[in-house]
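Asker: Sending over a structure as C-alpha cells; questions will come in a sec.
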Amino acid sequence: MKNQQQVWNEVFKNIPLKTPKTDDWLEKYMFILKKHKHKLIVDLGCGFGNDSYYLSQRGFKTLACDFSQEALNRINTFMEKANVKLVDMQQPLPFQDGSVAIIISDLSLHYFSEKTTHAILKELKRVLIKDGAVICRVNSLKELEKNLKNSVGKKIEDNYYLIANKLKRYFNKDDVHKYFADFNIGEIYSYIMPRYNFDKQVLDFIALKK
C-alpha cells in the first residue's frame, strides 16, 4: 500500500491550478458560523481549499489545514494572505484545549481506521470551545457499492476499504452516531454531490460539543 501522504501530494500536484469550485452545503450552518465569525475556524483536511475559499468570499477567516503540502501550496495561489498550516489528523492536533470554535471537516474524516477515527474525534472534542461544533461531510455507505463496481477494493474493516491506492471509510447514520457519541448531533442530510466530474453519495451534519 502506498504512503497516503504521498498519494495525496501526487493528486494535488498533478491537477491544474485553478480556483476551486464551491457548493453551498455550508449555507445551512451559517447560523453557527456567524455566531463564531471572529473566533478560530479550522478547515481540517482542507484539500483544494473549497470551503476556506467559500467562507473567505463571505468575510470569514479560516485556518486551512492539510497533511499535503501540495494542497496548501495550491491555496496560496488563489487566496491572498491565506492562513494555512500543515497538519496530520492522525497526530495530536496543534491547538490548545478549548481554543477552536468551529472545525469544518469536509470529506476529510473518512480515510481512517476505526481506532484512528475515534482518536481523531477525541482530539476534536478536546480542542473545541464549550459551545463549539464540528461541521462534517463524509462518504455515504451508498457510495461503497458504486466504488466497488468501478474498481477492485480490498476490505480492511467493516465499511473501510483500500480502493485505487486510497483508504476510504463509508458511513451510514448509525456510524455517525457511533463515532460522534460524545457530541450532540443535528439532522443528518443524505444527498448526491458532484465530485471530480462524478456524482458522489454523501452525508453531512453538525455535531455540537456536549
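No value in this document is a laboratory result; all are computed from the given coordinates. Please read these numbers as outputs of a predicted model, since none were measured by experiment. Don't worry about glycine lacking a Cβ; one is built from the backbone with ideal geometry, like all the others, and counts go over all protein chains shown.
Asker: Filter the stretch 74-94 down to residues that are assigned to a helix (DSSP H, G or I) and touching a residue at least 24 places away in the same chain (Cβ under 8 Å) and give me whichever is farthest from Lys13 (Cα to Cα).
Answerer: Residue satisfying both the conditions and the ranking: Phe78.
Asker: Here's a follow-up. Being charged (D, E, K, R) and touching a residue at least 12 places away in the same chain (Cβ under 8 Å) is the filter; apply it to the stretch 159-175 and report the residue that is nearest to Asp204 (Cα to Cα).
Answerer: Taking the candidates together, the pick is Lys173.
Asker: Also, quick follow-up: Does Glu157 satisfy being of a type outside the set (A, V, I, L, M, F, W, C), touching an Asp or Glu at 6+ places or on another chain (Cβ under 9 Å) and over 26 Å from Thr22 (Cα atoms)?
Answerer: So Glu157 passes the test.
Asker: Another question, then. Do we find a residue being in a loop (DSSP other than H, G, I, E, B), in contact with a Leu (Cβ under 9 Å, 6 or more places away or on another chain) and loosely packed, with under 15 Cβ neighbours inside 10 Å anywhere in the stretch 36-58?
Answerer: For the stretch 36-58, residues in a loop (DSSP other than H, G, I, E, B), in contact with a Leu (Cβ under 9 Å, 6 or more places away or on another chain) and loosely packed, with under 15 Cβ neighbours inside 10 Å: present.
Asker: Residues in the stretch 186-197 that are out of contact with any Lys or Arg (no Cβ under 9 Å at 6 or more places or on another chain) and either among the aromatic types (Phe, Trp, Tyr) or in a strand (DSSP E or B) (or both): how many?
Answerer: Adding up the residues that qualify gives 3.
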